[in-house]
Structure formats: structure tokens, C-alpha cells
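Enquirer: Before I ask anything, here is the structure I am working with.
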């Protein structure tokens with residue numbers, strides 16, 4: 001039994017790495033598709049890379065094979081799949097209409113995404129696991145991909161490219177912000193009380209299958225806006241609270 005268990009553990013350690021490398025492959029394939037002008041397919045590949053990225057961590061935790069090497073490999077692959085790939089996609093799709101400002105905005109996206117990953121690696125053991133600090137880079141990449149999927153025809157006019165550039169810059173700053181975003185790591189679909197969540201996920205997948213471009217854009221936009229919205233609601237809530245009582249003066 002001993003050698004069999006050891007072989008099983010080794011196989012379990014390889015499986016998350018395969019998903020991580022699959023994430024990298026899909027990101028690289030997206031870059032190739034974008035350079036060939038297949039913008040809709042390139043955007044969809046970024047979403048599939050996000051699925052692979054979500055699965056590798058879960059599989060590593062389920063098999064008990066999490067490691068520093070796996071975490072570093074995951075971050076390096078994320079730079080390509082969710083930093084470089086969406087930046088090249090959005091530049092070839094729209095920002096090339098405003099070349100100088102466009103490539104600077106695309107580079108800003110890559111730079112802020114890389115900084116976001118570096119900060120996550122340093123803080124992952126000291127922050128509240130229920131929240132991410134700053135917009136996660138896969139979510140930012142998903143927002144770019146969702147916009148391209150919704151309107152895959154290239155934008156050649158400056159008037160239509162400028163709003164896209166503004167969106168890319170906003171996503172870059174959201175990634176390095178200190179706004180909090182839900183991580184959904186505490187959701188356990190195996191609990192008895194979670195049947196409503198399971199039903200909701202099933203309905204969500206059905207809606208995505210029927211209207212993929214519209215639903216993915218709505219989901220990505222809702223998550224990107226959840227950080228600023230939550231921060232604003234927190235400020236309004238604190239402003240509406242009565243001020244704390246002043247300490248009594250000593251006579």
C-alpha cells in the first residue's frame with residue numbers, strides 16, 4: 001500500500017501543474033489568435049484560461065499538494081494569460097486606432113496586473129481570505145475579454161477606441177487599488193443549506209449557454225463594479241452613523 005499511496009500523491013501533485021500549464025497554453029493561444037485578427041476566439045480563450053486557473057488551485061487544495069513552487073508558477077502563467085494576452089487583444093482590437101496612447105494604456109494594464117500578482121503573493125497569508133485586495137487580474141482580463149466578445153468587430157475609429165482606452169486604464173488602477181472584492185473561497189456547495197446556491201449556479205450556467213456574450217459581459221461588469229460600489233456604500237453607512245460620545249472631562 002505504501003508505494004501505491006506515494007504514486008498517487010505524485011500524480012496528485014502533477015495534476016494542478018497540468019492545469020496551470022494549460023492556463024499558460026490558452027493564454028499564448030489567445031495571443032496568436034489576436035495577432036491573426038480572430039478577436040472573438042481570442043477573447044473566449046482568455047475565459048477558458050480563467051477556468052483552468054480556478055481549477056488548479058482547487059485541485060491542489062483538494063489533493064493536499066499546495067506548494068510555494070505551484071504558487072509561483074501560477075503567478076508567472078497569470079502574467080501571460082491575464083496580463084499580456086488581454087493587453088495584446090485590446091490593442092489589436094481597438095487601441096491601435098490611437099497608437100501612442102493606446103500602447104501606453106495596454107502596457108499600464110500589464111504593469112498593474114504584474115504588481116497586483118506580486119502584492120498578492122506577499123500578502124496571501126496575512127489578509128482576510130474572504131476578500132481580495134484590489135481587482136484580481138483574471139477578473140480584469142475577463143472584463144476586457146467580455147467587451148471584445150460582445151462586439152468582436154475591430155474598432156478603427158478614434159471616437160470608439162477612446163472609451164475602450166478609458167476602460168483599460170480604469171481596470172489597471174482597480175487592480176492596484178485597495179478596494180475589497182469577494183473571493184468566494186468560503187462558499188461550500190457540499191453543505192445542506194447550499195442547495196439554493198447550487199440551483200443558482202445551474203441557472204447561471206444555463207443563461208451563459210443561451211446568451212454567452214451578454215451574460216459574461218454582465219457578470220464581469222458586475223464584479224468589476226462591486227469593489228467601488230461596496231466601498232461607496234461603506235462610506236455612506238459610516239457617514240450616517242451617529243458620532244461616538246465625547247469622553248467626559250475631568251473636573
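No lab work stands behind these numbers, since they all come straight from the coordinates. Keep in mind that what you see is a predicted model, and the values were worked out from it rather than measured. Virtual Cβ from ideal backbone geometry, glycine too; neighbours counted across all protein chains shown.
Enquirer: Evaluated at 37 °C with a viscosity of 0.692 mPa s, what Stokes-Einstein diffusion coefficient in µm²/s does region 46-146 have when Rh comes from the Kirkwood expression over alpha-carbon pairs? Each step should come with its number before you reach the end.
Expert: Working: Rh = 14.4 Å.
Using the Kirkwood radius from Cα pairs, D works out to 227 µm²/s.
Enquirer: Moving on to the next point. From zero outward in steps of 10 Å, how is the percent of C-alpha pairs of region 9-238 spread across the bins?
Expert: Cα pair-distance distribution for region 9-238, in percent: 8, 30, 37, 20, 4, 0.
Enquirer: Normalised by the residues of region 9-238, what does the relative contact order come to in percent, with Cα pairs under 8 Å and at least six apart? Mind dumping the intermediate values first?
Expert: Details: 301 pairs, mean separation 49.4, N = 230.
For region 9-238, the relative contact order is 21 percent.
Enquirer: Moving on. Kindly rank 106-119, 136-149 from highest to lowest mean number of other beta carbons found within 10 Å of each residue.
Expert: Final packing ranking: 136-149, 106-119.
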